[in-house]
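A quick write-up on the structure given underneath.
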Amino acid sequence: MIFKVPFLDLRAAYLELKPEIDAAIARVLDSGWYILGSEVEAFEAEWAQYCGASHAVGVGNGLDALTLALRALEIGPGDEVIVPSNTYIATWLAVSAVGATPVPVEPDLATYNIDPALIPAAITPRTKALLPVHLYGQPANLDPILAIARQHNLSVVEDAAQAHGALYKGQRIGAHGDIVCWSFYPGKNLGALGDAGAITTNRADLADRIRILRNYGSRLKYVNEVKGFNSRLDPIQAAVLRVKLLVLDEWNARRRVIAQRYLEGLAGSALVLPKVAEWAEPVWHLFVVRHPERDALVKRLNEAGVGSLIHYPVPPHLQEAYAEMELGMGAFPVAERMAGEVVSLPMGAQLSATSIDPICRVCNE
């Protein structure tokens, strides 16, 4: 039997909130103010409050959030930043963008997040920061990471691009490290209608630096304090995000229902299912499973009309962009194994929970 289940339906998310989103966009258009301004400031205040942080600063996208965070911490050429070996390449690209060197550390194969036990061996006199990723919407184990950072006088920059609303030991991700970086790419749990990003922090000095850096290095028009960038959250996107923030918890709850249905429906299958630590409450940005014959599974899903994606088929150290590091096959076997085995099944707040059962039947075959 063939049925159609898209991997993600962004249009359905828009249609659910169409009147509110259309009104928010019209409000910005009618205001005549199209760069920064009150709409961005309102979202920044609301996002900071949601995350339990003192400050939020809207920027152009998630990669810019990471890059500006490292700039604000004055990390640059000659410095090293510890990153996961298994992550989207943007985590590494931000380190490269400031002239520093990414130093990969393997993940815990159970949670797919960076393994804190492996971090100390990667620290050198040039290490300036730890950059954990809350991958797939699962919080990284922050307490040991923060303890290592304190012991070695290192900064902690969190890549939370996939973790909007996730809880670590009962506290929302957003203010554990020095800076937390967010992407609001359309497919995220809190997604804009284009590129958008932000940082959250409890440090007023870092928030102030990023506000200056995102705006040509200027806080006063035509007065440039530092060599900055043009990376400002668009007020139209801010208005859309304000609408979606009101339903983020509800939509995350729907994702949890879908994830639980997957976990129950696939419990007896040959797939390796996600494991959730007792201290974590994930938001299931992705539902990622593993199988040694992943490509055959993807083919079977496609034949049955089920959309799927591979996050991520080539780890950063094997990308041509990082060929100069000379980290060939075998350098990071856990990340390489994951790249060959993982597949993301359909997940989204607009996905019907009942559509999970036939997906599970295909996988169980």
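Viscosity 0.692 mPa s, temperature 37 °C: give me the Stokes-Einstein translational D for segment 224-365 in µm²/s, with Rh taken as the Kirkwood radius over C-alpha pairs. All intermediate terms of the calculation are to be shown ahead of the outcome.
Details: Rh = 17.9 Å.
In µm²/s, the coefficient is 183.
If I take every Cα pair under 8 Å that is 6 or more residues apart in the chain, average their sequence separation and divide by the length, what percent do I get for the relative contact order?
23 percent
For N230 and A323 in one chain, what is 0.36 nm times their gap in residues minus the Cα-Cα distance, to one decimal in nm?
30.6 nm
Once amide H atoms are built 1.01 Å from N in the peptide plane, which residues 5 or more positions from V105, or in another chain, come under 5 Å H to H?
V83, S85
Give the peptides 195-205, 158-168 in descending order of average Cβ contacts within 10 Å, highest first.
Details: 195-205: 22.4, 158-168: 26.1.
Per-residue Cβ counts within 10 Å, averaged per peptide and sorted highest first, yield 158-168, 195-205.
Mean separation of Cα pairs under 8 Å and 6+ residues apart, divided by the residue count of segment 50-112: what relative contact order is that in percent?
For segment 50-112, the relative contact order is 34 percent.
Whole-Hz ³J(HN,Hα) for each residue in segment 263-272, computed from phi via Karplus 6.51 cos²θ - 1.76 cosθ + 1.60 with θ = phi - 60°, x for glycine and proline: what do you get?
Going residue by residue, I get 4, 6, x, 10, 4, x, 7, 8, 6, 8 Hz, with x marking Gly and Pro.
How much of the accessible area of segment 124-195, probe 1.4 Å, is carbon plus sulfur, in whole percent?
47 percent
So, with a 1.4 angstrom probe, what is the percent of accessible area on segment 28-119 that is carbon and sulfur?
56 percent
Please work out the Cα center distance from segment 278-331 to segment 1-56, rounded to the nearest Å.
That distance is 29 Å.
Less than 20 Å apart at the alpha-carbon level, and either on another chain or at least 8 residues along: which lysines does that give for K4?
K299
Of K188/K244; K128/K169; K169/K275, which ones are farther than 19 Å apart at the Cα?
Numbers: K188/K244 11 Å; K128/K169 26 Å; K169/K275 16 Å.
Beyond 19 Å: K128/K169.
Over all directions, average the projected area of the Cα convex hull of the chain and note it in nm².
18.3 nm²
In whole Hz, what ³J(HN,Hα) sequence does segment 334-341 give by Karplus (6.51, -1.76, 1.60; θ = phi - 60°), x for Gly and Pro?
Calculated HN-Hα couplings, in order: 5, 4, 5, 5, 4, 4, x, 10 Hz.
How large is ³J(HN,Hα) for each residue in segment 105-120, as worked out from phi by the Karplus curve 6.51 cos²θ - 1.76 cosθ + 1.60 (θ = phi - 60°), to whole Hz, x for Gly and Pro?
Karplus-based 3J(HN,Hα) across segment 105-120 equals 10, 5, x, 6, 5, 6, 9, 6, 8, 3, 8, x, 5, 8, 5, x Hz.
Using a basic spin-label model with each label point 7 Å from the Cα along Cα→Cβ, how many nm lie between K299 and A204?
The two pseudo-label positions are separated by 6.2 nm.
Over the chain, average the accessible area per residue using a 1.4 Å probe and give it in Å², no decimals.
42 Å²
What percent of all Cα-Cα pairs in segment 164-255 falls in each 5 Å bin, counting up from 0?
Pair shares across the bins are 3, 13, 18, 20, 20, 14, 7, 4, 1, 0.
Distances longer than 16 Å among the Cα atoms of segment 152-213: what percent of all pairs is that?
Looking at segment 152-213, the distances longer than 16 Å represent 50 percent of pairs.
How many nm is it between the label spots at E46 and E16, if each spot is 7 Å from the Cα in line with the beta carbon?
Computed distance between label sites E46 and E16 equals 1.6 nm.
Please report the relative contact order for segment 267-365, taking Cα pairs under 8 Å with a sequence separation of at least 6, and give it as a percent rounded to a whole number.
Relative contact order, segment 267-365: 38 percent.
What's the ranking of 238-249, 62-73 by average number of surrounding C-beta atoms within 10 Å, highest first?
Averaged packing, sorted descending, gives the order 62-73, 238-249.
Which peptide among 319-331, 292-304 comes first, and what is the full order, when sorted by highest mean count of other Cβ atoms within 10 Å?
Most protected by this proxy first, the peptides run 292-304, 319-331.
The values are calculated or read from the model by the stated rules, or taken from the named source; none is laboratory data. Everything numeric in this text was worked out from a predicted model, so none of it was measured. Cβ coordinates were reconstructed from backbone atoms using ideal geometry, including for glycine residues, and neighbour counts include every protein chain displayed. Areas reflect the complete protein model, heavy atoms only, side chains present, ligands, DNA and RNA absent. Shrake-Rupley method; radii C 1.70, N 1.55, O 1.52, S 1.80 Å.
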